[in-house]
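The next block holds one structure in the form of structure tokens; read it before the comments.
What follows draws every value from the coordinates through simple rules; no lab data is involved. Quick caveat: nothing in here was measured; it's all calculated off a predicted structure. When we count neighbours, we look across all protein chains shown, and the Cβ atoms used for this are built from the backbone with ideal geometry, even at glycine.
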Amino acid sequence: MEHISPSLLLKISPPPFRNRKGTLSQNVMVACDFDLNFTFISCGWEGSASDAGVLRSAISKGFHVLDGKFYLVDGGYANTPSFIAPYRGVRYHLSEFRRRRSSNTGYADHRELFNHTHAILRNHIERSIGVLKNVSLS
């Protein structure tokens, strides 16, 4: 019997739970309503799974968007009538807007205004996910 170092195995065949940053993780998709209640959770996906693939799987397993409604999604998703992503290549992160606000300049255009509003709303969801991550299951 031969023992092989785990570090050697990682170099030969990285595990699927290794994400693009090189750390082990899961890709979890959550959907929340505007009251920050989780309405859908799809977990167990390896960190290397694409957001689009996780969403396709969720839809195939019953996740749906009511007519006339939509979900805000991050830039890893495509824009559709049911899923609204921020404009690509346009200022998006809240820290970028804070720097701009300190210099007393407004939005460059309607896309920056949209992205800022999108980021504020998504920040509420990110905070809810952060609370969920810190919940002890003991």
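To one decimal place, what Kirkwood hydrodynamic radius in Å is obtained for the stretch 35-85 from all pairs of distinct Cα atoms? Mind dumping the intermediate values first?
Numbers: mean 1/r = 0.0836 Å⁻¹.
For the stretch 35-85, the Kirkwood estimate is 12.0 Å.
Whole-Hz Karplus ³J(HN,Hα) for the stretch 39-55, in order, using 6.51 cos²θ - 1.76 cosθ + 1.60 and θ = phi - 60°, x for Gly and Pro?
10, 7, 9, 10, 10, x, 6, 5, x, 7, 5, 6, 4, 4, x, 5, 5
Based on the Kirkwood radius over alpha-carbon pairs, what is the Stokes-Einstein translational diffusion coefficient of the stretch 37-121 at 20 °C with 1.002 mPa s viscosity, in µm²/s?
Value of D from the Cα-based Kirkwood radius: 145 µm²/s.
Can you give the local net charge around residue 25? Use residues other than it whose beta-carbon is closer than 12 angstrom to its beta-carbon, Lys and Arg +1, Asp and Glu -1. Please report the intermediate quantities before stating the final value.
Numbers: positive: 18, 20, 21, 133; negative: 46.
In short, +3.
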